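> Dropping a structure here in structure tokens format, bear with me for questions.
The values are calculated or read from the model by the stated rules, or taken from the named source; none is laboratory data. These figures come from a predicted structure and were not determined experimentally. Positions of Cβ are backbone-derived with ideal geometry, glycine not excepted, and every protein chain shown enters the neighbour counts. We work out accessible area using only protein heavy atoms, side chains counted, and drop any ligands, DNA or RNA first. Shrake-Rupley method; radii C 1.70, N 1.55, O 1.52, S 1.80 Å.
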Amino acid sequence: METTTLSINDPQAMARGVEILRQDGLIAIPTDTVYGVAALVHSAAGIERLYQAKERSATKAIAVLIGAVEQLYELTPGLTDSAAKLAARFWPGALTLVVPRSPALPTNLSTLPTVGVRMPNHAFVLKLMQQVGPLATTSANLSGDANTLTAEEVLAQLCGRIGLILDGGRVPGGVPSTVVDCTQDPPKILRQGAISADEIGAALD
């Protein structure tokens, strides 16, 4: 497979990304943390390719990125009031919500009855997902290797394994998202990240 790199400022970048995703292919995208590699969330074939490209264990669940809060309802049969409050307060941004997964999602997305969902604070990627829907996304690196912060680093690890790298320049890396389990009430913080426990608590008051 040939791996092409296009700047997100290229007039063809958006259309090419949409085309590859809709053909069950993989693309690398910049986010507000690290580069991710993505497939359409409803594409079982794309998700399988994602596991293969990363040499990732099938027992490890894949998170989902969304481009609008409304897309959350494609992924879960229902939201608690707490989940809705947190989404309204912190998205787009460094918050991952763990919610019950819809039975309509491909089984290879996760072996768990839940799914982790985030809305990244990155204008190009949000616009892309507003066109194609949610993306099954994990970090754009071989499993166990370093996270990638530039398109060149993605190419070094995933050349020949994915169809397209959308080059958004160097991404910030840094502190990961805070992960909150919203399948229980009150919600439980599973990983402390960029958003503090105090901020989560204040949003729920």
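> Could you sort 45-57, 67-79, 185-197 so that the peptide with the highest average Cβ count within 10 Å comes first and the rest follow in order?
Highest to lowest by the protection proxy: 45-57, 67-79, 185-197.
> Right, another one. Accessible area per residue for the chain in Å², computed with a 1.4 Å probe and the full protein assembly in place, what is it?
Heavy-atom SASA per residue in the chain reads 44 Å².
> Rounded to whole Å and sorted largest first, list the principal axis extents of the Cα atoms in the chain.
In descending order, the Cα extents are 50, 32, 32 Å.
> Given a 1.4 Å probe and every protein chain left where it sits, what share in percent of the accessible area of the range 73-116 is carbon and sulfur?
59 percent
> I'd like the distance separating the alpha-carbon centroids of the range 3-30 and the range 176-205, in whole Å.
First find each Cα centre; the distance between them is then 33 Å.
> When the convex hull of the Cα atoms of the range 136-205 is projected onto a plane and the area is averaged over all directions, what value comes out in nm²?
6.4 nm²
> Could you work out how far helix 123-132 tilts from the main Cα principal axis of the chain, as a 0 to 90 degree angle to the nearest 10?
90 degrees
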